[in-house]
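The block underneath contains the structure these notes are about, expressed in structure tokens.
The values are calculated or read from the model by the stated rules, or taken from the named source; none is laboratory data. Keep in mind the model is a prediction, meaning the values are calculated, not measured. With ideal geometry, Cβ positions are generated from the backbone for all residues, glycine too; neighbour counts draw on all protein chains shown. In case anyone asks, the SASA skips ligands and DNA or RNA and just uses the protein heavy atoms, side chains included. Shrake-Rupley method; radii C 1.70, N 1.55, O 1.52, S 1.80 Å.
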Amino acid sequence: MYKFNLYLYLLIGFPLCTVAQSKINGKVTDNKKHPLPGVNISVKGAYDGATTAADGTFSFTTTVAGEQLIVATLTGYQPIELKVNTDTDQQLNIVLKDAINALRVVTISAGSFEASDDKKGTVLKPLDIVTTAGAGADIVNAIKTLPGAQQTNDREGLFVRGGTGYETQTLIDGMMVRNPFYSSLPDIPGRGRFSPFLFKGTTFSSGGYSAQYGQALSSALILESIDLPERSSSTVGVSVIGVNAGLDNLSKDKKTSYGIEADYTNLSPYFKVIKPKETPNMGPEMIGTSVNFRHKTSATGILKFYGYGNWTKMGFNSNSLEYPGYTELFQLRNNNAYTNLTYKENIGHDWHLYLGASFSTNTDNITADTLLKQPAPTLIKVRSDLSQSKLMVYKNLGRFSVLRLGAEYQYAVEQSAQYLHQANYVDNYTAAFAEGDIYFTPSFVGRVGGRMEYTSVLGKMNFAPRVSLAYKVDNVSQFSVAWGDYYQKPEPQYIRFDPYLGYMKATHYIVSYQRVASDYTFRTELFYKKYTDLVKTVPAYGNNGSGYAQGIELFWRDRKTFRNIDYWVSYSYLDTKRDYLNYPFKVQPDFAANHTASLVYKHYLPKLSTNLGLTYSFATGRPYYNPNLPQDKFMSERTMTYNSVGLSASYLTNIRKAFTILVLSVSNTLGNKQVFGYHYSSDGLRRDEITPNVPRFIYLGMIMNFGIDRRQDVINNL
């Protein structure tokens, strides 16, 4: 670990040499000589580049010398590469052709939705997320409108294809995030901690993902942060629930940037007007801040740092189910911090280097009490610390094929205390992986890889082979298949009480077909997932649980059929059963619905400079446990069908020199009753419905941005 950190320090701190610069400028048009704005122009293999203006012109400087390739890309058009000599200034006239006339290279896609700015298969960009009605600008809530994700709005996490929220991992720039959600209260899930505008790319992988990623049985949410901002800017936001402000500063040579953001949220005034189901006794109040730093260490290298801190306090009183006439108190104070440092560089001979380091800490202080009943409240403290380091090298083999080799190390400290009782452990986790993307032809690719892991707390090792194949049928269509094994440690609360547990395991089988054109996306996928070695807590702790999940998913998105309208429709059928924890036998778990569907509709009105949004979400009833039924009827009853309609309106304008968005958003607009399950008293005589804390949430806010006008982004998103 010391050698790795020393190596990372030397690479980052090594002094840079000053080299000569040349200027590259020109203009980009289509084949009808119309100027093309928003084209990404860059030196291949370097970070030097620019984006074309409204008249198609561009200009930038580069320190890369000699013969280089200039790359021009724009969604809907065929990428082009031009060979130039950067020893002198260059004037270029570039013509892009419609992508529908180009035979594009096949890509691995089974189980994954790409959502990056430079991918043709884009599904959700940052503006997609913030303009999705009902999502509340939350990445995970927007992902729930895609196939595979469940509408589990009563618990924390992203539940995918019959998996629990714990089975999904979130990664930022290749590093795992231990606590991606704000800490939650009982039956009130916490939202994600990250702004979608921090990221240039999002990959939602519901299965069959790369050997680069481990410790996730079901799904991976892979986020790639922005390299350098286009220009300096500042932001101020005001809403009915809080305020926020941010600053991004780009140096004059466009090689270094730094940013800082702070936000304050207080729902107490809101809850005095809109009465929640549970009575607040503290907050809810949240303070958050984040910083970032990015520096181009060379023409082909970049160093990125991101860190944030959150301080939260919230609490509610509710009527006691166990003791009628009494009041239950629950309070939570949470402190969370996360840091992420990554470095990328081209080290020559088509070899590339990636180094990453991360540290996170999360502390929950919980107070629970039955007021006037218990002699003293129950005090619980849970703390999780995670240090990570990761090394990967990859080499381009020919024009398309790639070989990746890597290793990672994690040091985790888990602490839990209730009164004088403590349950702590330390884990040293190491992993190594190898993977290759092999292009047999431009239309046929295979990905073969494997991952080996060892964890000291379990004292066990595993090896997970993974294989994917993809074949391009025509310019816009391809078939993909994937198979692989995935392992994950049991949740910390189970390891604390039995460190002799083993890994849980899931094996994925996926077949998919997709058509991705400039104006529409169609995708369908069949999957089967086999669970083994799930944790059982009854009659004793062990890994003798098992299960399966299988189903079919459909997705359709259309951006061009109707002018200024963008919409998508998703549907998932899920058949899943598992025998785990205290389940007496295999049953459909209480977090899984057989049928889920979403309709997302966005309509831009240019004359009014207004963007309207509607989201309809549907899910059939989920199983719940009724203790009054015999054991053979375990989980046999179902909740009511879930229905929700979210509406939003965004007005785009200028206030002095600030690009301004006025936002009104309403979740569950129609006030549909939503029941996620039931709580029963210990004698089974009384029960409470698990419902949202407020039947609908109304958000009204204003965002002012000085420096970046995102109105064209909104239009281009349609």
**Asked** Limited to the stretch 547-600, what total is found for residues that are without any contact (Cβ under 8 Å) to a residue 24 or more places away in the chain and within 25 Å of residue 164 (Cβ to Cβ)?
**Response** 1
**Asked** Looking at (1) modelled with pLDDT of 85 or more; (2) open to solvent by less than 70 Å² (accessible area, probe 1.4 Å), which is the only condition residue 88 fails?
**Response** (2)
**Request:** Could you grab me the full set of residues in the stretch 696-708 that are outside any strand (DSSP E or B), of a type in the set (A, V, I, L, M, F, W, C) and at pLDDT 90 or above?
**Result:** 697
**Request:** Return the pairs, sorted by first residue and then second, in which the second residue is open to solvent by 60 Å² or more (accessible area, probe 1.4 Å) and at pLDDT 95 or above, the first residue lies in the stretch 686-698 and is more than 20 Å from residue 133 (Cα to Cα), the beta carbons are less than 7 Å apart, and the residues are 6+ apart or on different chains.
**Result:** 687/679; 688/679; 690/679
**Prompt:** Is there a residue in the stretch 292-301 that is charged (D, E, K, R), at negative phi, in contact (Cβ under 8 Å) with a residue 24 or more places away in the chain and not in a strand (DSSP E or B)?
**Reply:** yes
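Could you grab me the full set of residues in the stretch 398-433 that are aliphatic (A, V, I, L, M), farther than 17 Å from residue 175 by Cβ and out of contact with any helix residue (DSSP H, G or I) (no Cβ under 9 Å at 6 or more places or on another chain)?
402, 403, 405, 413, 417, 420, 426
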**Prompt:** So which pairs qualify, if the first residue must be in the stretch 462-485 and of a type in the set (Lys, Arg), the second must be not in a strand (DSSP E or B), the Cβ gap must be under 6 Å, and the two must be at least 6 apart or on different chains?
**Reply:** 466/211; 472/106; 472/443
**Request:** Would you confirm whether any residue within the stretch 216-223 is modelled with pLDDT of 90 or more, buried (at least 24 other Cβ atoms within 10 Å of the Cβ), farther than 21 Å from residue 465 by Cα and touching a strand residue (DSSP E or B) at 6+ places or on another chain (Cβ under 6 Å)?
**Result:** no
**Request:** Could you check residue 188 against (1) under 14 Å from the mean Cα position of the chain (by Cα); (2) among the β-branched types (Val, Ile, Thr); (3) open to solvent by 10 Å² or more (accessible area, probe 1.4 Å) and say which number it fails?
**Result:** (1)
**Prompt:** In the stretch 541-599, which residue that is hydrophobic (A, V, I, L, M, F, W, C) and more than 28 Å from the chain's Cα centre (by Cα) is modelled with the lowest pLDDT?
**Reply:** 562
**Prompt:** Restricting to strands (runs of 3 or more DSSP E) lying wholly in the stretch 138-232: which have 1 or more residues that are aliphatic (A, V, I, L, M) and under 30 Å from residue 52 (Cβ atoms)?
**Reply:** 168-172, 219-225
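Can you pull out every residue in the stretch 492-511 that is more than 16 Å from residue 214 (Cβ to Cβ) and touching a residue at least 60 places away in the same chain (Cβ under 8 Å)?
492, 493, 495, 496, 497, 499, 510, 511
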**Members of the stretch 50-90 that are assigned to a strand (DSSP E or B) and either aliphatic (A, V, I, L, M) or at positive phi (or both)** = 50, 69, 70, 71, 72, 80, 82, 84
**Pairs, first closer than 11 Å to residue 336 by Cα in the stretch 307-321, second among the basic types (Lys, Arg) and not in a strand (DSSP E or B), C-beta under 9 Å, six or more apart** = 308/193; 310/193
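Among the residues of the stretch 67-79, is there at least one that is within 21 Å of residue 22 (Cβ to Cβ), touching a residue at least 12 places away in the same chain (Cβ under 8 Å) and open to solvent by 60 Å² or more (accessible area, probe 1.4 Å)?
Looking for residues that are within 21 Å of residue 22 (Cβ to Cβ), touching a residue at least 12 places away in the same chain (Cβ under 8 Å) and open to solvent by 60 Å² or more (accessible area, probe 1.4 Å), one finds at least one in the stretch 67-79, hence yes.
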**Message:** Could you tell me how many of the residues in the stretch 591-605 are of a type in the set (Phe, Trp, Tyr), touching a Phe, Trp or Tyr at 6+ places or on another chain (Cβ under 6 Å) and either in a loop (DSSP other than H, G, I, E, B) or surrounded by 22 or more Cβ atoms within 10 Å (Cβ to Cβ) (or both)?
**Reply:** 1
**Complete:** Across the stretch 606-633, the tally of residues that are modelled with pLDDT of 95 or more, open to solvent by less than 30 Å² (accessible area, probe 1.4 Å) and over 23 Å from the mean Cα position of the chain (by Cα) stands at 5
**Message:** Quick test for you: out of 42, 22, pick the one residue that is polar (S, T, N, Q) and within 34 Å of the chain's Cα centre (by Cα).
**Reply:** 42
**Residue list for the stretch 31-51, restricted to those being in contact with a Lys or Arg (Cβ under 8 Å, 6 or more places away or on another chain), farther than 18 Å from residue 301 by Cβ and either touching a residue at least 40 places away in the same chain (Cβ under 8 Å) or β-branched (Val, Ile, Thr) (or both)** = 31
**Prompt:** List, please: which pairs have Cβ atoms under 6 Å, are six or more places apart or on different chains, and start with a residue in the stretch 382-404 that is under 30 Å from residue 495 (Cα atoms) and open to solvent by 60 Å² or more (accessible area, probe 1.4 Å) and end with one that is assigned to a strand (DSSP E or B) and of a type in the set (S, T, N, Q)?
**Reply:** 383/363; 383/415
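Conditions (1) within 20 Å of residue 188 (Cα to Cα); (2) open to solvent by 50 Å² or more (accessible area, probe 1.4 Å); (3) among the aliphatic types (A, V, I, L, M), marked per residue:
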| residue | (1), (2), (3) |
| --- | --- |
| 235 | no, no, no |
| 243 | no, yes, yes |
| 261 | no, yes, no |
| 277 | yes, yes, no |
| 293 | no, yes, no |
| 309 | no, no, no |
| 312 | yes, no, no |
| 329 | yes, no, yes |
**Item:** Residue under evaluation residue 93, criteria (1) farther than 30 Å from residue 357 by Cβ; (2) among the polar types (S, T, N, Q); (3) modelled with pLDDT under 80; (4) touching a Gly at 6+ places or on another chain (Cβ under 8 Å), criterion not met
**Value:** (3)
**Request:** For residues that are open to solvent by 20 Å² or more (accessible area, probe 1.4 Å), of a type in the set (Gly, Ala, Ser) and at pLDDT 95 or above, tally how many sit in the stretch 435-469.
**Result:** 2
**Prompt:** Do the conditions hold for residue 292, that is, is it in contact with a Ser or Thr (Cβ under 9 Å, 6 or more places away or on another chain), of a type in the set (S, T, N, Q) and under 16 Å from residue 198 (Cα atoms)?
**Reply:** yes
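Results for (1) farther than 30 Å from residue 542 by Cα; (2) surrounded by fewer than 21 Cβ atoms within 10 Å (Cβ to Cβ); (3) within 24 Å of the chain's Cα centre (by Cα), shown as yes or no for each residue.
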site: 471; (1), (2), (3): yes, yes, no
site: 477; (1), (2), (3): yes, yes, no
site: 484; (1), (2), (3): no, no, yes
site: 487; (1), (2), (3): no, no, yes
site: 507; (1), (2), (3): no, yes, yes
site: 515; (1), (2), (3): yes, yes, yes
**Item:** Which numbered condition residue 300 misses (of (1) within 24 Å of residue 197 (Cβ to Cβ); (2) open to solvent by less than 60 Å² (accessible area, probe 1.4 Å))
**Value:** (1)
**Per-region count, the stretch 96-108, residues modelled with pLDDT under 80, of a type in the set (A, V, I, L, M) and open to solvent by less than 80 Å² (accessible area, probe 1.4 Å)** = 5
